[in-house]
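First comes the structure, then the notes that go with it.
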Amino acid sequence: MRHAVKAGFGLGILALAGAPANAATVTIGGTIVNLCTLTPTGGSMVVDSAGTTMTTESGVGALPASLAVIATGSAPTLTFSAPTLTGPVSGATTRIRYSGAGANQTYTSGGSTASASLVDVFTIHAQVQSATGFPSGSYAVTTIVTCGQS
Amino acid sequence: MTCRWIWAAVLGAVAVPALAVGMGPLEKSGITDGPAKGFYLTVLNPYGKAETFRTFPAVIGGEAEPYGVTIRPARFVLAAGRQRRVLVVVEGLDPGETRTFRVCAEKDREEGMIHARVCSKLSARRISAR
């Protein structure tokens, strides 16, 4: 009987030692919020030697605009509105083209949509053509770029 | 090493101007049992100096103002590197109605060739009456 009691205690202690009495689940969570940040940098247009085209492509001082995209969550969609021209000229044709990591749009005078990567940089060129040339003054080509989910 | 250079290039491109605008989440939906529903969005000014931002509601695929949507505040100043929440309230929801619209944030006064704008797509649904 005494042996049986001792054996019983021994089994109990072994059981206590072996059981995962203090086991706990550790959970490491995380939340990702779909977010988009746009950072544009303006460009500069220059008139060509013929005097009928103003562009960011070539000429001394010509500089394309750029747009940095930083997003979290799903890759965002960028929507470019049709470019508008302000300045002392009428009847000119205004177009833009752009390229990014996964997008390449040729010159267009209409609106367009592009897929962007989570971290991306778009280079945007503008071109204005006027058969009658450009009177002196300030000119600006503007496009509204909207970041969102398609 | 190559990766480090890529990151340096990206950060360099981002850090130059002070015209950045950020907002999230880009998509959000919610259900309500009453005629009104609220959403919180976060607007960021991640770089540069303090700027004034404006927020405005718009219909999906257009610029028209959707019915019954107000944003508080609609115009505010954010210091560099700061963020704040804005409250979007949709009112006048009928039982069973779903109203989907956009809320956009942009710099109050844009300059330059690109006007940057970030828009969230919001959808509020009121459950049907029993």
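The values are calculated or read from the model by the stated rules, or taken from the named source; none is laboratory data. Given the structure is predicted, the values throughout are model-derived calculations rather than measurements. Every residue, glycine among them, receives a Cβ derived from its backbone with ideal geometry; neighbour counts consider all protein chains shown. What goes into the accessible areas is simple: the full protein's heavy atoms, side chains included, and nothing from ligands, DNA or RNA. Shrake-Rupley method; radii C 1.70, N 1.55, O 1.52, S 1.80 Å.
Miscellaneous remarks
- Taking first residues from the stretch A:69-96 that are closer than 15 Å to A:Y107 by Cα and partners that are basic (K, R) and not in a loop (DSSP other than H, G, I, E, B), the Cβ contacts under 7 Å between residues at least 6 apart in sequence or on separate chains come to A:P83/A:R95.
- Residue in the stretch A:11-27 that is of a type in the set (S, T, Y), closer than 30 Å to A:S150 by Cα, modelled with pLDDT of 90 or more and not in a strand (DSSP E or B) present: no
- Hey, B:E63 closer than 30 Å to A:T56 by Cβ, surrounded by 14 or more Cβ atoms within 10 Å (Cβ to Cβ), modelled with pLDDT under 95 and of a type outside the set (K, R) or not: no
- Exactly one residue out of B:R99, B:R85 is open to solvent by 30 Å² or more (accessible area, probe 1.4 Å), modelled with pLDDT of 95 or more and outside any helix (DSSP H, G or I): that is B:R85.
- Residue satisfying all of: in the stretch B:112-130; open to solvent by 10 Å² or more (accessible area, probe 1.4 Å) and more than 7 Å from chain A (Cβ to nearest Cβ); farthest from A:T37 (Cα to Cα) among these: B:R130
- The set of residues in the stretch B:102-116 being modelled with pLDDT of 95 or more and charged (D, E, K, R) consists of B:R102 alone.
- Within the stretch A:17-38, the residues that satisfy the criterion of being surrounded by fewer than 16 Cβ atoms within 10 Å (Cβ to Cβ) and within 30 Å of B:Q83 (Cα to Cα) are A:T27, A:I28, A:G29, A:G30, A:T31, A:I32, A:V33.
- Selection count, the stretch A:39-51, where residues are open to solvent by 50 Å² or more (accessible area, probe 1.4 Å) and in a loop (DSSP other than H, G, I, E, B): 3
- Residues within the stretch B:38-58 that are open to solvent by 50 Å² or more (accessible area, probe 1.4 Å) and closer than 28 Å to B:A129 by Cα, tallied: 1
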